[in-house]
Amino acid sequence: MISGTLDGNLRHALYVLGENPVTAAAFALFLLFALLATFGPALVPYDPLASNTAQALNAPSISHWFGTDQLGRDIFSRVVVATRLDLGIAIAAVALAFSVGTLLGLIGGYWGGWADRIIGRIVDTIMAFPLFVLAMGIVAGLGNSVANIIYATAIINLPIYARLSRAEANIRCNAGFIEAARLCGNGEVRIALGQLFPNILPLMAVQVSLTLGYAILNAAGLSFIGLGVRPPTAEWGIMVAEGASNIVSGEWWVALFPGLVLMTAVFCFNLIGDGLRDIVDPVRRT
Amino acid sequence: MPVLRRLLIALPSVMGVIVVTFLLTRALPGDPAIYFAGPAATQQAIAEIRHAMGFDRSLPAQFVDYVRHLSRGDLGTSLTTGQPVLSELAARLPASAELTLTALVLSVGIALPLGIVAALRPGSPVDHVCRIITTAGVSLPTFFTGLLLVYLFYYLAGVAPAPLGRLDTFSTPPPHYSGFYLVDSLIAGDFVTFRAALGQLLLPSATMAIFSLAPLARITRASMLAALGSEFIRTARASGLGRRRVVCVYALRNALLPVITTLGMVFSFMLGANVLVEKVFAWPGLGSYAVDALIASDYAPVQGFVLAMALLYVMLNLMIDLIYCLLDPRVRLDA
């Protein structure tokens, strides 16, 4: 029975991918980013931190595909190596926001009452801030480190998960399959985690990939203004910031390539999110 | 009074914002007293500073103190400039407001017609352009778009001025009336300054508009499509009403409601994007003030900035609700 529905889901997913080549391309791009994040440091032609002032600010060429920056570091190597850090920050933050937010939403939506009211108030308070500004404030308060960038990004993404899972859990809290599980003598916690959670998981998965793109943008934005990751570490946001002063003197490649790759990564996650939504929630297909 | 009731609903948000900004300053790991005392301070000096700043008292007592200072408009003093944070924020607010409002006008002015035309002709080239813009727009890092525009229009084309603040070095700021250079220069009748200020303003506001018009165009297209497909439009058409009247009055007025709701999210984006855009264009607004303070680990301005932005955002959301109420008489504010 279960393998039957899995098979059906897979067929549906393959059908959607076949119908929508853009989503398929986005998945391929995602695989490429995953490979770069895993094997990137072993693949790059130059040490991303090795400066060579004799080769400073060279335009893109055969030996330096993306050119070199003001310290003569190879930009291609730095962009590739940065993949792991950028994706790592975003994935860690989203994983944290997903687990805590979904749990809070489940508690609020399934049990209701005071827990729901308190959780709702916390979520509302986070939403009362412009999110990037709140992230700046959190990093300023907690201290300027990569771990705190992750916490800040997780906190500003928390409301999305908490609200979505609360709404979905609330719709289902008296559904037939929940009643059945109750009649079978399952405890409430067991029902919430074992029956309710798997049921809302597909919808949450869509949200994960949509927020991943936003999390990457957010983390890169924070490091662009000098928070979190510090030079000389290779990170897309910092690299764009380092290239910002070169833009007005015409050395476009220093900022362009890290910016383009950052944009592509965000674009890729947004497209995957839209594609996943088509698979999971055909009603909302646009 | 429904409006008063809506104002009361905003109060818990304001309280929440104040509590969070307080917690960010006081209850977090790390001792600000050690920081304020400097690296060479003795144990006794640190204890004295801690006492002077009230850090040795209980958290609720500190909170009462914090709120009392806030109610007097005291946001503390910047360590780097030695000025009260409130007056510095007030001095820089017009620069940010001028930039953000121009960007908002630009993005609404482009997103609404684009979304409407795309919805009127689904599958047409305009619709495809709309779809590309809405998908790509949200993926663009604002700081990167800004640099790209600077490269294209300043370095390559040479039509834009250098990205160095609100006025180039040859112009003098207009006399201060509103703080908005565009308005002030017009009041003074100084069209040279007006043109210079407009030139400086164009690229940063375009950068912000590109980012914020994507969600607006997307929701305009979707809600316009829904409205055009509904039965009251069919009835209006069948009654022989003109196309312009059907689209602009009947469909648009209904389609605008979700757009107004999305504006709330767009404001959240814009207030954040402000920080990045101001850094790219050396714009002397609130965002660059906060970034400078962050780099110098100067906490009072950062906290003041976060608090001011959050209060501004609560107010904007309040305004959105009121506009929504004006547009849709069915909505009751207390619902």
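Just so you know, all these numbers are worked out from the coordinates, no wet-lab data involved. Keep in mind that this is a model prediction, so the values were computed, not measured. Here Cβ is always computed from backbone atoms with ideal geometry, including for glycine, and neighbour counts include all displayed protein chains.
For the pair A:A147 and B:L23, a Förster radius of 25 Å applied to the C-beta separation gives a FRET efficiency near 0.85, rounded to the nearest 0.05.
Considering only Cα atoms, the convex hull volume of the stretch A:66-116 works out to 82 Å³ per residue.
Going from the fewest other Cβ atoms within 10 Å to the most, the residues B:C325, A:C184, B:C248 appear in the order A:C184, B:C248, B:C325.
Projecting the Cα atoms of B:A227, A:L276, A:Y46 onto the charge dipole of the protein assembly as shown (Cβ charges, centred on the Cα centre) puts B:A227 farthest toward the positive pole. Which value does Rg/Rh take for chain B over its C-alpha atoms, Rh per Kirkwood? Value, to two decimals: 1.05.
Put a dot 7 Å past the Cα of B:V3, heading toward its Cβ, do the same for A:L183, and the two dots end up 5.6 nm apart. Here the calculated FRET efficiency for B:D168 and A:A54, from their Cβ-Cβ distance with R0 = 30 Å, stands at 0.25, rounded to the nearest 0.05. Here the convex hull built on the C-alpha positions of the stretch A:203-286 has a volume of 98 cubic angstrom per residue. In chain A, Cα pairs under 8 Å separated by at least six residues give a relative contact order of 23 percent. Footprinting exposure proxy ranking of B:L120, B:L228, fewest other C-beta atoms within 10 angstrom first, gives B:L120, B:L228.
Taking N as the number of residues in the stretch A:69-206, what is its Cα Rg relative to 2.2 N^0.38 Å? Normalised Rg, Cα atoms only: 1.34.
For the stretch A:1-103, the direction-averaged projected area of the alpha-carbon convex hull comes to 10.3 nm². Using every pair of separate Cα atoms, the Kirkwood estimate puts the hydrodynamic radius of the stretch A:229-277 at 11.9 angstrom.
With the convex hull constructed from alpha-carbon coordinates only, the stretch A:36-149 shows a mean projected area of 10.0 nm² over all directions.
Computed over the stretch A:47-93, the P(r) tail beyond 18 angstrom holds 33 percent of alpha carbon pairs.
Shown here are the Rg and Dmax of the Cα trace of the stretch B:238-326, at 19.5, 67 Å. Taken along its principal axes, the alpha carbon cloud of chain A reaches lengths of 76, 46, 32 Å, longest axis first. For the stretch B:139-209, the relative contact order comes to 34 percent (Cα pairs under 8 Å, sequence separation of at least 6).
Using just the C-alpha positions of the stretch B:60-151 as equal point scatterers, what log10 of I(q)/I(0) does the Debye formula give at each q in 0.12 1/Å? Summing over Cα pairs of the stretch B:60-151 leads to -0.68. Across chain B, Cα pairs under 8 Å and at least six residues apart give a relative contact order of 25 percent.
Only the Cβ atoms of Lys and Arg (+1) and of Asp and Glu (-1) were treated as charged; on that basis the dipole of chain A about its Cα centre amounts to roughly 600 debye. By the equivalent-ellipsoid construction on the alpha carbon gyration tensor, the stretch B:100-214 comes out with semi-axes of 31, 17, 11 Å, ordered largest to smallest. Compute the distance from the alpha-carbon center of the stretch B:278-309 to that of the stretch B:89-108, in whole Å. Each part reduced to its Cα centre gives a spacing of 15 Å. Under conditions of 20 °C and 1.002 mPa s, the protein assembly as shown yields 80 µm² s⁻¹ as its translational diffusion coefficient, taking Rh as the Kirkwood radius over Cα pairs in the Stokes-Einstein equation.
Annotation: the stretch A:115-268 has a Kirkwood hydrodynamic radius of 18.2 angstrom, from the mean reciprocal C-alpha pair distance. Suppose we look only past 19 Å in the calculated P(r) of the stretch B:174-261. What percent of the Cα-Cα pairs does that tail hold? So the portion of pairs separated by more than 19 Å is 60 percent.
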